[in-house]
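Taking it in order: structure first as structure tokens, then the write-up.
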Amino acid sequence: MRIQRSTYEFLLISAILGSIVLCTAYLGYGAGVLAILFWIIFLFIRLKRKAVKKQASESDSESQS
């Protein structure tokens, strides 16, 4: 069974916001800021990997033509 893209995005956003709120509530503002920085770095790395895969698949399709 596959999760639809909109459901996956909702769950990802909920996990991000929930972890930031929990870190801030239990560990203080410094931990909340660190959680925000962690998620920003995680999302940038994820977007970069998707871009590299997309470029690789485009170059493969061009070389086959």
Any residue in region 36-50 that is within 15 Å of V21 (Cα to Cα) and open to solvent by less than 80 Å² (accessible area, probe 1.4 Å) sitting within a Cβ distance under 9 Å of a residue that is modelled with pLDDT of 85 or more and of a type in the set (S, T, Y)? List the pairs, counting only those 6 or more apart or interchain. W39/S19
Scan region 54-62 and give yes if some residue there is open to solvent by less than 100 Å² (accessible area, probe 1.4 Å), within 14 Å of the chain's Cα centre (by Cα), modelled with pLDDT under 85 and small (G, A, S), otherwise no. no
Find the residue count for region 2-59, including only residues that are hydroxyl-bearing (S, T, Y) and at positive phi. 0
Quick check on my filter: what residues within region 22-35 are of a type outside the set (S, T, N, Q), part of a helix (DSSP H, G or I) and surrounded by 10 or more Cβ atoms within 10 Å (Cβ to Cβ)? L22, C23, A25, L27, G30, A31, G32, V33, L34, A35
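The values are calculated or read from the model by the stated rules, or taken from the named source; none is laboratory data. These numbers come from a predicted model, not from an experiment. Backbone-built Cβ (ideal geometry, glycine too); neighbour counts: all protein chains shown. Heavy atoms of the whole protein, side chains included, go into the accessibility calculation; ligands, DNA and RNA do not. Shrake-Rupley method; radii C 1.70, N 1.55, O 1.52, S 1.80 Å.
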